[in-house]
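Got a structure here, written out as C-alpha cells. Questions coming.
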Amino acid sequence: MTEYFGTTVADIFATMPKRFKPEEAKEVDIAIGYEATGEGGGKWKATIKHGTLKVETVEGELTDCKTTIHTDAETFVGVTLGMIGALDALSSQKLRVAGDPKFLMLLLPKIFTPYVAPAKKPDAVTARDIIATLAERFRPEKAEGVAMTIGYDLAGEGGGRWTIIIRDGKCAVREGLADPLTVKMTMEAKTYAGMMVGTIEAVTAFTSGQVKIEGDMAAAGATAKYFRKYVVPGATEAEELISLRVTNSIEQRFATGPVMGRWFAGIREKKFLANRCPKCGRTQIPPREICAWCRVRVHEFVEVGPKGVVTHFDIVYFASPDPLTGAVRDTPYATVYVVLDGATEREAITVDLKKEDIPRLKEGARVRPVWAEVTTGSYRDLIGVELDEEEGSL
Amino acid sequence: MKMHVKNRNVAIIGIGQTSFSSHKEDQNQAEMVQEAVIRALADAGLKIGDIDCIVHGNMELFEMQFAPDLWHSLGTGAYGKDEYRITTGGTTGATLVCAADNLVASGLYNTVLAIGMEKLQEGNTTGGITNMADPLWFRNLQTGALTGTTAQEMIDEFGEERAKRAAMRYRIMMDKHAMLNPRAHRRFGLEYSQMEDLMANSPPLVGELRLIHMCSQSDGACAMIFTSEEKVKQGTKNPPVWIRDHIQIHREETIPNLFGFNKPEVTHHYAARTLFARNGIQDPVAYFDVFEMYDPSAWWAVDWLREFFLLKGDEHLRMLEAGDFDLDGRIPINPSGGVIASNPIGATAMLRPAEAALQIRGDAGGHQIKKEVRHALASGFGGTFWSVLMILEKELNWQEVSHD
C-alpha cells in the first residue's frame, strides 16, 4: 500500500469502526461514498444508520450514496490528518463533494474521533517488553495507601498472564494470574501494547469491546497514574503541543431605546414603523434617533408596508451556524432585500423568504410578511416573507 | 474641501511578516506576534528600545480572547511603553497604519511600531461577523462576509458568461501571484485552462459566489515601523517609503441601506475620488505603479477595481481581459496574491501597505514587479463598506495641492 504522510488510505477506513461514536450518530441516516484515485486509492462506502456503521470496499460504481467524496489518495490522507485544510482542498478542486458538503464539514468530525497515523517503531514492542518495565516505572508517591492486585490476560504473540501487586508503596510483577484479583483485564497482547505506546485509545478499546474488565472497574481506570508513561526505547518523543478547547455560550441583552424600540413595539402589533427625516424625507428602518445623512433629530413615525418589493436576494448554499441558536441552517435558503410599500428607495429590510417560494423568486417580486403566531416584540416576530402572487405582479 | 493636514512627513522603515497558514498549532498568539515584530525590527535595524509607542490590533470577537494586547505584550515588547489598541473589523490592519501615521505626523512620537495579527483557526470568523453585523436586527440571516449580490449585479450588467469569466480570471491571476509568494497561505497552482471547470464545479456558497472565489481564513501577523522625516534624515537601514496621504471612511449605517431600489455611491468610490482630488491625481491608472487591494472575493475584487480607479462601464473588465492587472501588466494588482490567498484578518489590511511598500523598495522577492515602482496604492475594507485608501511614495517630492 502506498503511504502518504506516513499512513495509507486503507488504514483510515480500517480504523473507522474503532473511531465511530455511535451515541453521536443516533439521528444519522446516510451513506457516504469515497473515491480516492491514484496509488493506494480505491472506493469505499460508509453506511451510517441510527448509531450503526458499516464500512465496505466497493468495486465498480458507488451507488445509493447521499454524498460522495472524490479526491486523490494523497489529498484524502492529508485532509484526514489535518495536514491539508479541507476548505483549501475543496477550493482547489483537489477534493470534490457530490451532494451536500456540509456533511463533510459538520457531521464527520462529530461522529468520528480524529484519525491518528500509527507510529512506526512501536510495532516491534511487545506486551512482554512493556510488562517487564512496570516495576521501574512505578511511582510510590502516587500509590500511598493503595493495596490491589491487577491481573492481565494478554492473548497472542508477545502475550502471557501476569499479576501486578501494589501494596505498602511497593510494586511487584509475577507470572500467572493470582486469586483473588482486584481487577482482571483480558485483551489481545497487541491491543495492550498499542494502548501503552499511545496508538490505541484506551477508552475506545474498552468501548469497542477489545478490552474486557472483570472486577473493580475504578481500579482498572486508576492503574495508569501509579506508573510513569511507557516510552519506546530509542524513540524520541515528538514535542507535545496542547490546544485548549472552549465552547462559549453567552446570553446577551441589548437595550433598544425609545426610538428603535418603537420598531419592536410595532412588529409585536404586526406593523412596520419607520421614522421620517424632516430634512431628506427618508423613512429610516429600523427608526433611528437622528438621520446620519442630514445630522438632524427625527421625530415623526410613519407606518410602512406590510407588503413590499424584492430589490435583491441571496440564495445561500453554505450552511453557516445561526449565531442566535447555534443550530446549523437548513440550506438552501433565500435572504431577500425588500423595500416596503411607502418606504423610501434605499430603506430596505433583509428577511428570510419562505423556502417553497425560492424557485419562483425574482427581483421585483411582491411579497407579504409571515408573522409568528405569538408576537413578543422580538426579531423573531417576523418569520419572513412569502410571495404575494394574488396581485399577479410577478 | 477640507484638507487632511499633516504636521510632518512619515515614512515606513521596517516591515515584518509571518508566513500565513491554517496550521499554526506550534505557536500561541504572543509567539506568532513576536515572530513578526522581530522581523520588522531587524528590517529597520532597530531594537525595541528605539520604539516610542506601539499600536496593536486584531478582532477580539474572532478569537474571543479579551484584551489580547496584554498577553501579546510578550511578543510586542509593549511592557512599560505607550500603547494603543485598534479593532475596526476587516479594516483593522489599515486603521493601524493610519493611526501610526497620525501618531508620528502629530509629533507626539518619533518612532511607532504597529502590529496586526489574527489566529482565525482559534475562533469562528463567520460566526463572529454574523454576531456583530447588526446589533438589534437581521442577525439571524447574516452569513458573515458571504454574499452573491455583487455576482448577480455583474451578471445583470455584463452577461453571465463574461461576468463569470472575469471573476475566475481574476481568481486564477491571484493564485498565480500567490505561487510567487512563499508566505501566502493558499497556493493552488491554478491554470487558466481550469477556468470552465472551476466556474461550473466549485461548490456554491451564496448565489454565484463559489468556494474558489472566496478568501481564506488564515493565521498570521504583520508588523510595521514608522518614523518621522527628521529621523529618516539621520539614516535608515533600508530605503524609507513615504505615506503621502490616507483616508478612512464609512458611510452606511446598515447593510440593507445598500440594497434598496437604487445603488448608492459605493464608499470605495467616494474614498477614491476624495483622496485623489485632494492630492491632484487626475488619472489613477496612469499614476500608480501597483495597487494592493483588499479583495475578500474575486467578484468584489473585479467590481471594486472600477470603483477605486474611477472607471466607467466595462473599462475594468476590458483591462482585466487585456492582462493590465497581471504582475507584468499596466497596473499590477496584488502581486502578493491578495486577501484571497492570505487572510489573517487583523493583519490583512496592514499587509496591503506592507506589500505595497516592499514593491516600492524592490524587496518583494519572487513577486517583485519588474519595472520600477514609485507610486503605490493600498486599500482596506470592512463591515458595512468601510474603506481605507492609502498613497505610498518612493520619493518625498510630491506637489502639495492648494485648498481653500
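Quick note: the coordinates plus some simple rules give every number you see, no bench work behind them. Here the structure is a predicted model, which is why all the values come from computation and not from measurement. So basically every Cβ, Gly included, is an ideal-geometry build from the backbone, and we count neighbours across all protein chains shown.
When a footprinting reagent is the concern and you count Cβ atoms within 10 Å, what order do A:His70, B:His4 take, fewest first? Write out the running numbers ahead of the final one.
Working: A:His70 19, B:His4 15.
Ascending number of Cβ neighbours within 10 Å: B:His4, A:His70.
Testing the spin-label approximation: label points 7 Å from Cα along Cα→Cβ at A:Lys225 and A:Thr133. State their distance in nm.
If labels sit at A:Lys225 and A:Thr133, their model points lie 2.3 nm apart.
To the nearest 20 debye, what charge dipole does the protein assembly as shown have about its Cα centre, counting +1 at the Cβ of each Lys and Arg and -1 at the Cβ of each Asp and Glu?
On the way: 89 positive and 107 negative charges, 240 e Å.
So the dipole magnitude of the protein assembly as shown works out to roughly 1160 debye.
Moving on to the next point. I need the P(r) histogram for chain B: all alpha carbon pairs, bin width 10 Å from 0 out to the longest distance, whole percents.
5, 24, 35, 26, 9, 1
Can you figure out the FRET efficiency of B:Leu108 with B:Arg162, using R₀ = 60 Å and their beta-carbon distance, to the nearest 0.05?
Values: r = 51 Å, r/R0 = 0.85.
FRET efficiency, B:Leu108 to B:Arg162: 0.70.
Next up: In peptide B:210-219, how many Cβ atoms from other protein chains are near each Cβ within 10 Å, on average?
3
Against the longest principal axis of chain B, how steep is helix B:160-179, in degrees 0 to 90 to the nearest 10, with axes from Cα atoms?
Between the helix axis and the principal axis of chain B, the angle is about 30 degrees.
With the crude spin-label approximation of a point 7 Å out along Cα→Cβ, what separation in nm comes out for B:Leu310 versus B:Asn262?
Distance between label points: 2.2 nm.
For A:Gly160, what charge total do you get from the other residues with a beta carbon under 15 Å from its beta carbon, if Lys and Arg give +1 and Asp and Glu give -1? Don't jump to the answer; show the numbers that get you there.
Working: positive: A:Arg128, A:Arg161, A:Arg174, A:Lys184, A:Lys190; negative: A:Asp129, A:Asp153, A:Glu157, A:Glu175, A:Glu188.
With Lys, Arg at +1 and Asp, Glu at -1, the neighbours total 0.
Is segment B:187-285 rounded, prolate or oblate when judged by the Cα gyration tensor, a ≥ b ≥ c being the square roots of its eigenvalues, rounded requiring a/c under 1.5 and prolate requiring a/b larger than b/c?
Details: a/c = 2.40, a/b = 1.41, b/c = 1.70.
Taking the square roots of the gyration eigenvalues as a ≥ b ≥ c, segment B:187-285 is oblate.
In addition: Suppose R0 equals 22 Å; then what is the FRET efficiency for B:Lys237 and B:Asp26 from their Cβ-Cβ distance, rounded to the nearest 0.05? Kindly include the intermediate steps, with their values, before the conclusion.
Numbers: r = 30 Å, r/R0 = 1.35.
Step by step, r from the Cβ atoms, then E = 0.15.
Work out the mean other chain Cβ neighbour count within 10 Å for the residues of A:84-90 and drop it here as an integer.
On the way: counts 2, 9, 1, 7, 9, 1, 4.
The per-residue average across the peptide is 5.
Here's another thing I want to ask about it. Which of the lysines could be linked to B:Lys47 by a straight reach, that is with a Cα gap under 23 Å, when you skip same-chain ones fewer than 8 residues away?
B:Lys47 reaches B:Lys81, B:Lys231, B:Lys233, B:Lys237.
Still on this structure, I have one more. Is any residue of segment B:248-266 close enough, with backbone N under 17 Å, to a label point placed 7 angstrom from the Cα of B:Tyr287 along the Cα-Cβ axis, and if so, which?
Only B:248 fall inside the zone, counting backbone N under 17 Å.
Still on this structure, I have one more. With a 10 Å Cβ neighbour count serving as the proxy for reagent exposure, in which order, fewest first, do B:His375, B:His72 appear?
Details: B:His375 21, B:His72 28.
Ascending number of Cβ neighbours within 10 Å: B:His375, B:His72.
Using only Cα atoms, locate the centre of segment B:153-211 and the centre of segment B:1-40, then give the distance between them in Å, rounded to an integer.
Cα centroid of segment B:153-211 versus Cα centroid of segment B:1-40: 29 Å apart.
If you don't mind, there's one more thing I want to ask. With a ≥ b ≥ c taken as the square roots of the eigenvalues of the C-alpha gyration tensor of segment B:273-375, please select rounded if a/c is under 1.5 and otherwise prolate if a/b is larger than b/c or oblate if it is not? Present the calculation step by step, with values, prior to reporting the outcome.
Values: a/c = 1.34, a/b = 1.20, b/c = 1.12.
Rounded.
Going by a ≥ b ≥ c, the root eigenvalues of the Cα gyration tensor, does the protein assembly as shown fall in the rounded group (a/c under 1.5), the prolate group (a/b larger than b/c) or the oblate group?
Working: a/c = 1.95, a/b = 1.48, b/c = 1.32.
Prolate is the answer for the protein assembly as shown, as a/c is 1.5 or above and a/b outweighs b/c.
Positive end of the charge dipole of the protein assembly as shown (Lys, Arg +1 and Asp, Glu -1 on Cβ, about the Cα centre): tell me which of B:Phe381, A:Ile349, A:Thr376 has its Cα farthest that way.
Checked the options; the winner is A:Thr376.
Taking only DSSP H segments of four or more residues, each worth -39500 (n - 2.57), what value at 222 nm results for chain A once the sum is divided by all its residues, to the nearest 500 deg cm²/dmol?
Working: 11 runs with 72 residues, N = 394.
Here the helix-only value at 222 nm equals -4500 deg cm²/dmol.
Let me ask something else. Projecting each Cα onto the charge dipole of the protein assembly as shown (Lys/Arg +1, Asp/Glu -1 at the beta carbon, about the Cα centre), which of A:Gly215, B:Gln152, A:Tyr317 comes out farthest on the positive side?
The Cα lying farthest towards the positive end belongs to A:Gly215.
Need one number: nm distance between label points at A:Arg96 and A:Val328, each 7 Å from Cα along Cα→Cβ, rounded to one decimal.
Rounded to a tenth, the inter-label distance reads 2.3 nm.
Something else about it: Apply 1/(1 + (r/R0)^6) to the Cβ-Cβ distance of A:Leu244 and A:His50, taking R0 = 41 Å, and write down the FRET efficiency to the nearest 0.05.
Numbers: r = 34 Å, r/R0 = 0.82.
That pair, A:Leu244 with A:His50, gives E of 0.75.
I'd like the antiparallel share, as a percent to the nearest 5, of DSSP beta bridges with both residues in chain B. Don't jump to the answer; show the numbers that get you there.
Details: 37 of 51 bridges.
Percentage antiparallel, nearest 5: 75.
Please state the relative contact order of segment A:9-111 as a whole percent: Cα pairs under 8 Å, 6+ residues apart?
26
Still on this structure, please answer the following. For each of A:Met260, B:Met117, B:Met154, A:Met83, count neighbouring Cβ atoms within 10 Å of the residue's Cβ, then give the residues from fewest to most. Display every interim value, and only then the final one.
Details: A:Met260 20, B:Met117 33, B:Met154 23, A:Met83 15.
Ascending Cβ contact count within 10 Å gives the list A:Met83, A:Met260, B:Met154, B:Met117.
Of A:Phe254, A:Phe272, A:Phe20, whose Cα points farthest to the positive end of the dipole of chain A (charges on the beta-carbon: +1 Lys, Arg; -1 Asp, Glu; origin at the Cα centre)?
A:Phe254
Quote the relative contact order of segment A:260-324 in percent (integer), defining contacts as alpha-carbon pairs under 8 Å separated by 6+ residues. Walk me through the intermediate numbers first.
Details: 83 pairs, mean separation 18.2, N = 65.
Answer for segment A:260-324 is 28 percent.
Using alpha carbons only, how many degrees (0 to 90, rounded to 10) separate the axis of helix B:267-278 from the longest principal axis of chain B?
Result, in degrees: 50.
Further question: As a test of the formula, what do you get for chain B when each DSSP H run with n ≥ 4 contributes -39,500 (n - 2.57) and the sum is divided by the residue count, at 222 nm and rounded to the nearest 500 deg cm²/dmol? Write down the numbers at each step before the final one.
Details: 15 runs with 148 residues, N = 404.
One gets -10500 deg cm²/dmol as the mean residue ellipticity at 222 nm.
How many partner chain Cβ atoms sit within 10 Å of a residue's Cβ in peptide A:344-351, on average, as a whole number?
Details: counts 2, 4, 10, 5, 8, 6, 11, 4.
Neighbouring Cβ atoms belonging to other protein chains average 6 per residue here.
Within segment A:332-372, name every residue whose backbone N is under 17 Å away from a label modeled 7 Å from Cα of B:Glu153 along the Cβ vector.
The answer is A:336-339, A:345-350, A:363-364.
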